[in-house]
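Asker: The structure's right below; bear with me while I get my questions together.
The values are calculated or read from the model by the stated rules, or taken from the named source; none is laboratory data. Here the structure is a predicted model, which is why all the values come from computation and not from measurement. All Cβ positions, even for glycine, are placed from backbone atoms using ideal geometry, and neighbour counts span all protein chains on display. Areas reflect the complete protein model, heavy atoms only, side chains present, ligands, DNA and RNA absent. Shrake-Rupley method; radii C 1.70, N 1.55, O 1.52, S 1.80 Å.
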Amino acid sequence: MATQVTARRTARHGFSFLRITIALQTLTIFLQAVSSGLLMTTSYGEALHSVGARVMYGASMLYVLAAALAWKPGGGSLRPVLHASGFLVLASAQVAVGIAHLPAVHLPLGVLMFGLSVLALARR
């Protein structure tokens, strides 16, 4: 009985940590859109966008970790882990096309990622 209560409590904390990481990811993607505008209009925009890319990528990795932690202790659905992993793949592609200076792909992919992140946040 005590183990069931502990497992449920751990699962609840895991899901709140999951929600926090999705919110963090969504915020970092939004800030990347802001720094993208600064990239086009200021001298310091490139540095800000570059640092933001690393932070966004880290937030995406944290999302995968949180999804795995929420899944394992509570024995919940594997779906959040798959969503987080898919998002990390998108983030990797986003970084690659950004480095390759392909704005025709980079900008729409960023919009898609923001929309998907907001959707994931709304579902939690």
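Asker: Here are some conditions: (1) under 16 Å from Pro108 (Cα atoms); (2) modelled with pLDDT of 95 or more; (3) open to solvent by less than 50 Å² (accessible area, probe 1.4 Å). Leu31 meets all but one. Which one does it not meet?
Answerer: (3)
Asker: Which is within 18 Å of Ala47 (Cα to Cα) and among the β-branched types (Val, Ile, Thr), of Val95, Val105?
Answerer: Val95
Asker: Going by the conditions given, is Ala53 over 18 Å from Gly115 (Cα atoms) and crowded, with 16+ Cβ neighbours inside 10 Å?
Answerer: Here the answer is no, as Ala53 does not meet what is asked.
Condition check ((1) within 17 Å of Ile22 (Cα to Cα); (2) among the hydroxyl-bearing types (Ser, Thr, Tyr); (3) open to solvent by less than 40 Å² (accessible area, probe 1.4 Å)) across all residues:
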| site | (1), (2), (3) |
| --- | --- |
| Leu69 | yes, no, no |
| Lys72 | no, no, no |
| Gly75 | no, no, no |
| Arg79 | yes, no, no |
| Ala100 | no, no, no |
| Leu107 | no, no, no |
| Gly110 | yes, no, yes |
| Phe114 | yes, no, no |
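Asker: Let me ask something else. What about Arg19, is it surrounded by 14 or more Cβ atoms within 10 Å (Cβ to Cβ) and either touching a residue at least 12 places away in the same chain (Cβ under 8 Å) or out of contact with any strand residue (DSSP E or B) (no Cβ under 9 Å at 6 or more places or on another chain) (or both)?
Answerer: yes
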